[in-house]
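The values are calculated or read from the model by the stated rules, or taken from the named source; none is laboratory data. In this text, all values refer to a predicted model and were calculated from it rather than measured experimentally. Ideal geometry is used to build each Cβ from the backbone, glycine not excepted, and the neighbour counts take in all protein chains shown.
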């Protein structure tokens, strides 16, 4: 967001278009697929966020093994100069590009001088005592520390999906759930979470379970099940966006269905108390 803010200002000063350049797939998927990180956003979510940030356009470079062999000079010539005709380029502090990451910021600035564009970089953005980075945010989400991840993101971490039929156990227990099928790769670990569900333009406080429902036996597939605290209608087939607010507890096995039901009621009450102090 800091880069986008600066690009907007530069575009206004130069009467130019504010454009984001991004790669698809993530370069690591091509170069080291075994080390590829789980992405924080789907491509559709990324494009939506950039549209919301009022960018004039998005340039998507299809990353391939052949492209990974381009030198920094080739990339600047073909992409920045010949294709995009850039007048100003802003990058993050740790930005590198080109074969073997040979293109440092100093290289970009020198090439920019040759091709008639200005190159600048944004210093690392800090939150408290550490640098904000996608790596740190992924780790926080992966550890279930979704409230801390939200502080770094500037928003709650969310996933999108379609509500699909489940096994109706939640309804039998008196807590009907929406079973979510999602394309998002990065999910918080198994556990119970206070969440906010967006259905169309409606925001609903909710409690979400991610896991395998161990009380009902072994071998069950992992699922994402959301109980809406203020919404009772059937959501099958609808798109739902799920914002993660806070982890409430670990997933665990209960001695009986009655014990599980009592705990679910307690989870809902805990979430309601939380939402009394957190704006939906």
Please count how many residues of the range 34-72 are part of a helix (DSSP H, G or I) and surrounded by 16 or more Cβ atoms within 10 Å (Cβ to Cβ).
6
Confirm whether residue 260 is crowded, with 17+ Cβ neighbours inside 10 Å and assigned to a strand (DSSP E or B).
no
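So that you can scan it fast, the table gives a plain yes or no per residue for (1) at pLDDT 85 or above; (2) not in a helix (DSSP H, G or I):
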| position | (1), (2) |
| --- | --- |
| 192 | yes, yes |
| 205 | yes, yes |
| 231 | no, yes |
| 237 | yes, yes |
| 242 | yes, yes |
| 268 | yes, no |
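Please tell me if residue 277 is at pLDDT below 95 and either surrounded by 17 or more Cβ atoms within 10 Å (Cβ to Cβ) or assigned to a loop (DSSP other than H, G, I, E, B) (or both).
Against the criterion (at pLDDT below 95 and either surrounded by 17 or more Cβ atoms within 10 Å (Cβ to Cβ) or assigned to a loop (DSSP other than H, G, I, E, B) (or both)), residue 277 qualifies.
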Could you check the range 103-185 for strands (runs of 3 or more DSSP E) lying wholly inside it with 1 or more residues that are more than 26 Å from residue 205 (Cβ to Cβ)?
118-122
Can you tell me which residues in the range 95-117 are touching a residue at least 12 places away in the same chain (Cβ under 8 Å) and touching a strand residue (DSSP E or B) at 6+ places or on another chain (Cβ under 9 Å)?
95, 97, 103, 105, 107, 108, 111, 112, 117
